[in-house]
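To keep things clear, I will list the structure first and then write my remarks on it.
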Amino acid sequence: MSNDIKVFGMSANAGRWIYVILGMVINLCLGAVYAYSVFKKPLETMFNATATQGNMPFMVFIAVFALFTFIAGRFIDKLGPRIVMVIGGVIVGLGWMLAKFSGSMTMVMITYGIVGGAGVGLVYGGPVSVCTKWFPDKKGLAVGLALLGFGGSAFITAPLAKTLIASSGALNTFLYMGAGFLIVTVILSMFMKFPPANWKPAGWNPPQAAGGQAKAITAGGMIKTSSFFGLWVCYLFGTTAGLMAIGISATVGREVIGLDIGTAAFLVSIFAIFNGIGRPIFGALADKITPKYAAIVTFVIIGVCSLMMLSAGQGSVTLYAVAFCGFWLTLGGWLAIGPASTASFFGLEGYAQKYGVVFSAYGLGAIVGGIISGMAKDTFGSYTAAFWPTLILSIVGIFVAFALLRPPKIK
């Protein structure tokens, strides 16, 4: 179709970048889950909970988030992103706000974890799908930039939550932050929409072979390919390490390294920067050197960071800071490699549903990562033991990526 359309009063090639900015701000609200480690210790103290119990709201949030990203995919493809995102934005805010009335860790898990996670899942696929469809020529970069807000959210929300917790308590902090997230997410979601059918950027033509492959693969056909298996397993391994680290970042800083609460919270905000920039960096790498080699780079980093944490102890501030920057960086990387690979390998038709299936690996990664860290602490008395499994996953991940992370062959 003609490319002579206006987007936000500009040419489509220029105006489409506004969707990236909107997606970035929306994801800044959604990604506040990555500041959970700031809430973890106060909640454990308040409700006399174990480390495993303290992990549960975060684990459930991410698992429900992944489930509802899959569910929302069907509706985003059929109804468009706007209505699904607005509904999700309301639910996100309500989940956080209802957590204010929790009388136990179970209630935090239900309100923040289940309700809040469901809302984030409904919203999350919208910016990913919008940016993928407006940027068929720069899928990895555009999605990575939009998701930078999610990954970098804790840079803002962790110190904000720390300040509010100190002045008003953890439960009131859920209320205040939830109200803000509801307002911002709903308003900005009103502007999100897909390009017209068959639109493409001026001066760009899709690679013929890739286009033919993409149209031949449905969501059902996708899951039967070895390419899907390779992508899903690599996504699971990469996000397990990152999500485990995110859930215990501040706690490890305080208990293993000996940092005070203020320094630990400050470093979490620094880690968030790396999580944010990991998305455009690895999104661009996936575009340039293929998802296979971008994935291998992430696994090498995870392995090195695991070894660093296995040798860290009281006072090992530099080892801790560098290692956790690496864990957060690679998690951000996988949240760009995953959607870019899904689009490149399996096509844009029905993309939201396809990526929802792939994204289930992220939800399982949160559960596995939370179990690993909780059991390490409860069984061995320290989180250090949790980095042996992440080291093993990184080594296996390199082999899986090398063997299976490639476009499917269409017979």
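Does ILE114 meet the test of being at pLDDT 95 or above, more than 24 Å from ILE156 (Cβ to Cβ) and part of a helix (DSSP H, G or I)? Criteria met by ILE114.
Pairing each residue of segment 59-71 that is within 19 Å of THR106 (Cβ to Cβ) with any residue that is surrounded by fewer than 24 Cβ atoms within 10 Å (Cβ to Cβ) and among the small types (Gly, Ala, Ser), provided the two are 6+ apart or on different chains, yields C-beta distances under 6 Å for VAL64/ALA118. Condition test on THR263, is it assigned to a helix (DSSP H, G or I), at positive phi and surrounded by fewer than 23 Cβ atoms within 10 Å (Cβ to Cβ)? Spelling it out, it is not the case that THR263 is assigned to a helix (DSSP H, G or I), at positive phi and surrounded by fewer than 23 Cβ atoms within 10 Å (Cβ to Cβ).
Hey, any hits in segment 365-383 for a residue that's part of a loop (DSSP other than H, G, I, E, B), hydroxyl-bearing (Ser, Thr, Tyr) and either touching a Ser or Thr at 6+ places or on another chain (Cβ under 6 Å) or more than 30 Å from SER129 (Cα to Cα) (or both)?
Yes, segment 365-383 has at least one match.
Evaluating GLY230 against the criteria (1) touching a residue at least 40 places away in the same chain (Cβ under 8 Å); (2) under 11 Å from THR330 (Cα atoms) leaves one unmet condition, (2).
So which residues in segment 361-384 are touching a Pro at 6+ places or on another chain (Cβ under 9 Å) and free of Cβ contacts under 8 Å to residues at least 40 places away in the same chain, if there are any at all? Residue satisfying the conditions is ALA376 alone.
Within segment 68-82, is there a residue that is in a loop (DSSP other than H, G, I, E, B), over 14 Å from the mean Cα position of the chain (by Cα), modelled with pLDDT of 90 or more and small (Gly, Ala, Ser)? Yes. Could you please let me know if GLY333 is within 16 Å of ASN55 (Cβ to Cβ) and surrounded by 24 or more Cβ atoms within 10 Å (Cβ to Cβ)? Criteria not met by GLY333.
Matching residues to (1) in contact with a Cys (Cβ under 7 Å, 6 or more places away or on another chain); (2) part of a loop (DSSP other than H, G, I, E, B); (3) at pLDDT 90 or above; (4) over 27 Å from SER360 (Cα atoms):
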| position | (1), (2), (3), (4) |
| --- | --- |
| VAL186 | no, no, yes, no |
| MET192 | no, yes, yes, no |
| PRO206 | no, yes, no, yes |
| GLY221 | no, no, yes, no |
| PHE229 | no, no, yes, no |
| THR240 | no, no, yes, no |
| VAL268 | no, no, no, no |
| ILE277 | no, no, yes, no |
| GLY283 | no, no, no, no |
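Looking only at segment 146-164, decide whether some residue is in contact (Cβ under 8 Å) with a residue 60 or more places away in the chain, of a type in the set (Val, Ile, Thr), within 30 Å of LEU364 (Cβ to Cβ) and crowded, with 24+ Cβ neighbours inside 10 Å. Within segment 146-164, one or more residues are in contact (Cβ under 8 Å) with a residue 60 or more places away in the chain, of a type in the set (Val, Ile, Thr), within 30 Å of LEU364 (Cβ to Cβ) and crowded, with 24+ Cβ neighbours inside 10 Å.
For segment 382-410, the set of residues classified as hydroxyl-bearing (Ser, Thr, Tyr) and either in contact with a strand residue (DSSP E or B) (Cβ under 9 Å, 6 or more places away or on another chain) or surrounded by 23 or more Cβ atoms within 10 Å (Cβ to Cβ) (or both) consists of THR390, SER394, listed by residue number.
Kindly establish whether PHE387 is of a type outside the set (Gly, Ala, Ser) and touching a residue at least 40 places away in the same chain (Cβ under 8 Å).
Considered against the rule, which asks whether it is of a type outside the set (Gly, Ala, Ser) and touching a residue at least 40 places away in the same chain (Cβ under 8 Å), PHE387 comes out as yes.
Take the residues in segment 194-204 that are surrounded by 14 or more Cβ atoms within 10 Å (Cβ to Cβ) and not aromatic (Phe, Trp, Tyr); name whichever of them is modelled with the highest pLDDT.
PRO195
Under the condition of being without any contact (Cβ under 8 Å) to a residue 40 or more places away in the chain and β-branched (Val, Ile, Thr), which residue from segment 302-330 is surrounded by the fewest Cβ atoms within 10 Å (Cβ to Cβ)? Ranking the qualifying residues of segment 302-330, first place goes to THR318.
Total residues in segment 10-59 satisfying the condition of being in a loop (DSSP other than H, G, I, E, B) and either within 16 Å of PHE194 (Cα to Cα) or under 17 Å from the mean Cα position of the chain (by Cα) (or both): the figure is 1. Kindly indicate the residue of segment 242-260 that is in a helix (DSSP H, G or I) and among the charged types (D, E, K, R) and also surrounded by the fewest Cβ atoms within 10 Å (Cβ to Cβ) among those meeting that condition. Looking at the filtered set, the residue picked out is ARG254.
The values are calculated or read from the model by the stated rules, or taken from the named source; none is laboratory data. Since this is a predicted model, take the numbers as computed values, not measurements. Virtual Cβ from ideal backbone geometry, glycine too; neighbours counted across all protein chains shown.
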